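Undergrad: Provided herewith is a single structure, encoded as structure tokens, for subsequent inquiry.
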Amino acid sequence: MTWFKRSKENIASETQKKDVPDGLWTKCEQCGEIIHKMELEKNFFTCVKCNAHFRIGSKEYIAILLDTDSFKENDGRMRSGDPLKFVDTKRYRDRIPEAIKKTKLHDAVRWGTGTVNKLPLVVAAMDFSFIGGSMGSVVGEKIGRAIDRAWKSKTPLLVISASGGARMMEGALSLMQMAKTSAKLARLSEAGVGFISLLTDPTTGGVTASYAMLGDVIIAEPGALIGFAGPRVIKQTIGKDLPPGFQRAEFLLDHGFVDMVVHRKDLRQTIAQLLTYIGG
Amino acid sequence: MAKTVLEFEKPILELEQKMEEMRRYADNPDIALEIAKIEKRVGQLQLTIYAGLTRWQKVQLARHPDRPYTLDYIGMITKDFVELHGDRYYRDDKAIVGGLATIEDRKVMLIGHQKGRDTKSNVYRNFGMPNPEGYRKALRLMKLAEKFKLPVVTLLDTPGAYPGLEAEERGQAEAIARNLMEMSRLRVPIVVAIIGEGASGGALGIGVGDRILMMENSWYSVISPESCSSILWRSWDYKEQAAEALQLTAPDLKKQGIIDEIMPEPLGGAHRNPEQAARVLKDTIVQELKQLAKIKPEKLLERRIEKFSAMGVWVG
């Protein structure tokens, strides 16, 4: 990295600099350890000291889990149609291009086909960075198409979830995406095609209450927040502090709602192993 | 006259009270004439007020404390109701009721959210907010219906699935998700009717079906206007705007292609004339059941999946 290149980036865009604060060093939010970017990447974006799992996007998951260059993306340019002409403090039709510009994504999920250890797979991976990973029509439709592809081609399905829930700006249409994805999963299940659901931090609301919880095998990343209602709402409802570890991946494992909690560095191996059993 | 009066109904109430007072002197022909005039005005006022309700006002009607609930409708539209209890895993959730019922000679499995009418019954019913065991009870009854080839009728009326600590421990999300998947492949007809509040996953958890009906003054959305206001406006004060933005009324949902039919309510809401509301509900359900009975299970399931697959709006 040269001195000149850096200064050029700084001139390029003021906002971009704000949104991507990655210098060469990152501080672990959990233990405060200062980690070099290279080292963090080498360590699958987990803390070298305390194992905290940093939030990463679909691009990183695809790179970590799939065989190099095996991923072929579909419907990469599908975007929201703003069916309700929704306005809160901002217009939804302005929010969408802002999010697209900020994240270089078109919505909160990416789907395509690829291989893990040469075994074929249909993959959908969510991006929390795109409006909180919220599920509107586009997420529902793309997950739906991934399921349909898995169903038609009898190829196992992997969905990597990261979401705050259904997207408010599309109203009841967002809610119906829960029914849409679950209905298609019913058909996939009847056809005997395997579905692995990977839950990452955070997976809450309508995504949890539909496809995320319907995997034949459900894997969670360590420490991931997983639940139906958010912790703030629950705390408000019951008027008490929540116990430590509540709604974390390990808590769900304890209560029987996920099959395993797997460190990010072992995910690829675990998925490959599972595919030898439920890969059809 | 309803016991509870909403803010926008007050002009009507005032006139009605005036009329009542005048009736005491009704033997005076002048006053009798005056009463007739006021009566006409009340009628006109009702028409204008109820025809021009905002979305937030409709939400208030959907939540009206005198509005008929599931058990009220069961009493009015079915006979020989046999309530069945429990999910067989944990406990009986009082926020969801269900059982075998006969609607005009048609035997069905009827399941619905149940609210309470006063503090005591509301605590008993948990304000109509189910825990996971409620959804699991509903699923058990639906499986029973499938086994005995009975169509399923569900009535939706909930402010949401309960956001509690134990609900999370027992898998609220899993319970709802499971129902969505199982209802998608249940081999008997399912008719869904939204009779009051249809709040998010808590409503949808018993809301997947072949025909979706909605009462005129009910609402159905991904979130309540209040919660939407608190998240997007970071204040509880924008519920009216949130209700408008969410487009959560029956005509809105018809336009969005989410519901099939709107069931008209008596002027001023179902609570003004529960029998009339029940009659419309019953007739509509029977109509739908008749149609659905003709369709073979394979076709029914195919259409059900296609129905929900078609929902959504996107570009590219």
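The values are calculated or read from the model by the stated rules, or taken from the named source; none is laboratory data. Please read these numbers as outputs of a predicted model, since none were measured by experiment. Heads up, the Cβs are rebuilt from the backbone with ideal geometry, glycines too, and the neighbour counts pull from every protein chain shown. For accessibility, only protein heavy atoms count, side chains too; no ligands or nucleic acids. Shrake-Rupley method; radii C 1.70, N 1.55, O 1.52, S 1.80 Å.
Undergrad: With +1 on each Lys and Arg Cβ and -1 on each Asp and Glu Cβ, and nothing else charged, work out how big the dipole of chain B is about its Cα centre, in Debye to the nearest 20.
TA: On the way: 47 positive and 45 negative charges, 222 e Å.
Using Cβ point charges on Lys, Arg, Asp and Glu, chain B gives about 1060 debye.
Undergrad: While we're here: Taking the Cα centre as origin and putting +1 on Lys and Arg beta-carbons and -1 on Asp and Glu beta-carbons, what dipole magnitude results for region B:107-248, to the nearest 20 debye?
TA: Numbers: 18 positive and 16 negative charges, 176 e Å.
Roughly 840 debye, rounded to the nearest 20.
Undergrad: If a helix is a whole DSSP H run, which ones in chain A reach 20 Å or further along their own axis (Cα) and hold a mean Kyte-Doolittle hydropathy of at least 1.6? Don't jump to the answer; show the numbers that get you there.
TA: On the way: long enough: A:137-153 (23 Å, -0.36); A:171-190 (30 Å, 0.17); A:264-278 (21 Å, -0.26).
Sorted by number, there is nothing, because no helix extends far enough and scores high enough.
Undergrad: Rounded to the nearest percent, how much of the accessible area of region B:58-309 (1.4 Å probe, protein heavy atoms only) is carbon and sulfur?
TA: 50
Undergrad: OK, next. In nm, to one decimal, how far is the modelled label at A:Thr276 from the one at A:Asp94, with both set 7 Å along Cα→Cβ?
TA: 5.6
Undergrad: A further question follows. At a Förster distance of 30 Å, what's the computed FRET efficiency of B:Ser121 paired with B:Leu267, Cβ-Cβ distance as r, to 0.05?
TA: Working: r = 28 Å, r/R0 = 0.93.
Efficiency, rounded to the nearest 0.05: 0.60.
Undergrad: May I pose another question? How much length, in nm to one decimal, is gained on full extension between B:Glu21 and B:Phe8, taken as 0.36 nm per residue of separation minus their Cα-Cα distance? Display every interim value, and only then the final one.
TA: Working: separation 13, 0.36 × 13 = 4.68 nm, distance 2.18 nm.
Value of the extension gain: 2.5 nm.
Undergrad: Using the C-alpha gyration tensor of region A:56-278, what are the square roots of 5 times its eigenvalues, in whole angstrom, with the largest one first? Can you show the working numbers first?
TA: Details: eigenvalues 131, 104, 51 Å².
Values for region A:56-278, descending: 26, 23, 16 Å.
Undergrad: With angles folded into 0 to 90 degrees, how steeply does helix B:132-147 sit against the dominant principal axis of chain B? Use alpha carbons for both and round to 10.
TA: 70
Undergrad: Would you mind giving the mean number of other chain beta-carbons within 10 Å of the Cβ of each residue in B:302-312, as a whole number?
TA: Numbers: counts 1, 0, 3, 7, 1, 4, 11, 13, 2, 12, 16.
Per residue, the number of nearby Cβ atoms from other chains is 6 on average.
Undergrad: How many angstrom lie between the Cα centre of region B:282-316 and the Cα centre of region A:148-196?
TA: Cα centroid of region B:282-316 versus Cα centroid of region A:148-196: 19 Å apart.
Undergrad: For chain A, which whole-number percentage of the solvent-accessible area (1.4 Å probe, protein heavy atoms only) is attributable to carbon and sulfur atoms?
TA: Carbon and sulfur together cover 52 percent of it.
Undergrad: Here are some pairs, A:Lys27/A:Lys102; A:Lys42/A:Lys72; A:Lys154/B:Lys307; B:Lys137/B:Lys296; which of them have Cα atoms lying more than 31 Å apart in this structure?
TA: Correct reply: none exceed it.
Undergrad: Which of A:Thr276, A:Gln177, A:Val87 sits farthest toward the positive end of the charge dipole of chain A, with +1 on the Cβ of Lys and Arg and -1 on the Cβ of Asp and Glu?
TA: A:Val87
Undergrad: What size of dipole, in debye to the nearest 20, comes out for the protein assembly as shown about its Cα centre when the only charges are +1 on Lys and Arg C-beta atoms and -1 on Asp and Glu C-beta atoms? Let's see the in-between values first.
TA: Values: 87 positive and 76 negative charges, 287 e Å.
Approximately 1380 debye in magnitude.
Undergrad: Grab the beta carbon distance between A:Asn74 and B:Arg106, set R0 = 60 Å, and tell me the FRET efficiency rounded to 0.05.
TA: Working: r = 45 Å, r/R0 = 0.75.
Here the calculated transfer efficiency is 0.85.
Undergrad: Could I ask something else about it? I'd like the carbon and sulfur percentage of the solvent accessible area for region B:7-52, probe radius 1.4 Å, heavy atoms only, ligands and nucleic acids excluded. It would help to have the intermediate numbers written out before the result.
TA: Working: 1800 of 3300 Å².
The C+S portion of the solvent-accessible surface of region B:7-52 is 55 percent.
Undergrad: For a quick protection proxy, order the peptides B:104-111, A:26-33, A:189-196 by their average other-Cβ count within 10 Å, most packed first. Kindly include the intermediate steps, with their values, before the conclusion.
TA: Details: B:104-111: 19.0, A:26-33: 13.6, A:189-196: 17.2.
Going by the mean number of other Cβ atoms within 10 Å, highest first, we get B:104-111, A:189-196, A:26-33.
Undergrad: When only Cα pairs under 8 Å and 6 or more residues apart are kept, what is the percent relative contact order across chain A?
TA: On the way: 504 pairs, mean separation 38.7, N = 280.
Computed value for chain A: 14 percent relative contact order.
Undergrad: List the residues of region A:95-140 for which accessible area in the full set of protein chains is at least 30 Å² lower than for the chain on its own; 1.4 Å probe, protein heavy atoms only.
TA: The answer is A:Ser137 - residues whose exposure falls by at least 30 Å² when every protein chain is included.
Undergrad: If I ignore ligands, DNA and RNA and count only protein heavy atoms, how much of A:Ile62 is accessible to a 1.4 Å probe, in Å² to the nearest 10?
TA: Its heavy atoms expose roughly 20 Å² to the probe.
Undergrad: Could you tell me whether region B:58-309 comes out rounded, prolate or oblate from its Cα gyration tensor? Rule is a ≥ b ≥ c as square roots of the eigenvalues, rounded for a/c under 1.5, then prolate if a/b exceeds b/c, otherwise oblate. Don't skip to the answer; put the middle values down first.
TA: Working: a/c = 1.34, a/b = 1.21, b/c = 1.11.
Taking the square roots of the gyration eigenvalues as a ≥ b ≥ c, region B:58-309 is rounded.
Undergrad: Roll a 1.4 Å probe over the protein chains and send me the accessible area per residue for region B:1-79 in Å². Mind dumping the intermediate values first?
TA: Values: 4590 Å² over 79 residues.
Per-residue value: 58 Å².
Undergrad: Using a 10 Å cut-off around each Cβ of peptide A:69-79, what is the average number of partner chain Cβ atoms that fall inside?
TA: On the way: counts 0, 0, 0, 0, 0, 0, 2, 1, 2, 3, 3.
What the average comes to for A:69-79 is 1.
Undergrad: Toward the positive end of the charge dipole of region A:56-278, about the Cα centre and with charges on Cβ (Lys, Arg +1; Asp, Glu -1), which of A:Pro222, A:Pro244, A:Ile96 goes farthest?
TA: A:Ile96
Undergrad: Considering protein heavy atoms only and a 1.4 Å probe radius, which residues within region A:144-183 exhibit an accessible-area decrease of no less than 40 Å² in the full assembly relative to the chain by itself?
TA: Output list: A:Met168, A:Ala172, A:Leu173, A:Leu175, A:Met176, A:Ala179, A:Lys180, A:Ala183.
Undergrad: When only C-alpha pairs under 8 Å and at least 6 residues apart count, what is the relative contact order of region B:94-247, in percent? Provide the component values of the computation, followed by the final result.
TA: On the way: 316 pairs, mean separation 29.2, N = 154.
With pairs under 8 Å counted, the relative contact order is 19 percent.
Undergrad: What does the buried accessible surface come to for A and B, summed over both chains, with the probe at 1.4 Å? Round to 100 Å².
TA: Details: alone 15300 and 15840 Å², together 26660 Å².
Result for this pair: about 4500 Å² buried.
Undergrad: Continuing with this model, one more query. What area, in nm² and to one decimal, does the C-alpha convex hull of region B:1-147 cast on average over all directions? Could the numbers behind the result be given before it?
TA: Numbers: hull surface 50.9 nm².
It is 12.7 nm².
Undergrad: Would you mind putting B:305-312, A:93-100 in packing order, based on average other-beta-carbon counts within 10 Å, highest first? Numbers along the way, then the final one.
TA: On the way: B:305-312: 19.0, A:93-100: 15.4.
Ranked from most to least packed, the peptides come out as B:305-312, A:93-100.
Undergrad: May I pose another question? Could you name every residue in region B:169-191 that has 20 Å² or more less accessible surface in the full protein assembly than in its own chain alone (probe 1.4 Å, ligands and nucleic acids excluded)?
TA: B:Glu169, B:Ala173, B:Glu174, B:Ile176, B:Ala177, B:Arg178, B:Leu180, B:Met181, B:Ser184, B:Arg185
Undergrad: Continuing with this model, one more query. Would you be so kind as to identify which of B:Tyr25, B:Asn179, B:Pro130 lies farthest towards the positive end of the dipole of chain B, taking Lys and Arg as +1 and Asp and Glu as -1 on Cβ and the Cα centre as origin?
TA: Farthest towards the positive pole: B:Asn179.
Undergrad: For the protein assembly as shown, report the % of Cα-Cα distances exceeding 49 Å. Numbers along the way, then the final one.
TA: Details: 27937 of 177310 pairs.
When every Cα pair of the protein assembly as shown is considered, 16 percent fall beyond 49 Å.
Undergrad: Let me ask you something else. Quantify how strongly other chains surround peptide B:158-168 by giving the mean number of their Cβ atoms within 10 Å of each of its Cβ atoms. Display every interim value, and only then the final one.
TA: Values: counts 0, 0, 2, 3, 4, 12, 5, 11, 1, 5, 13.
Partner Cβ neighbours, averaged per residue: 5.
Undergrad: So what is the accessible area of chain A per residue, in Å², with the probe set to 1.4 Å? Walk me through the numbers before you get to the answer.
TA: Numbers: 13080 Å² over 280 residues.
Per-residue accessible area for chain A comes out at 47 Å².
Undergrad: Report the label-to-label distance for B:Arg88 and A:Leu242 in nanometres (one decimal), using points 7 Å from each Cα along the Cα→Cβ vector.
TA: Those two pseudo-labels are separated by 3.2 nm.
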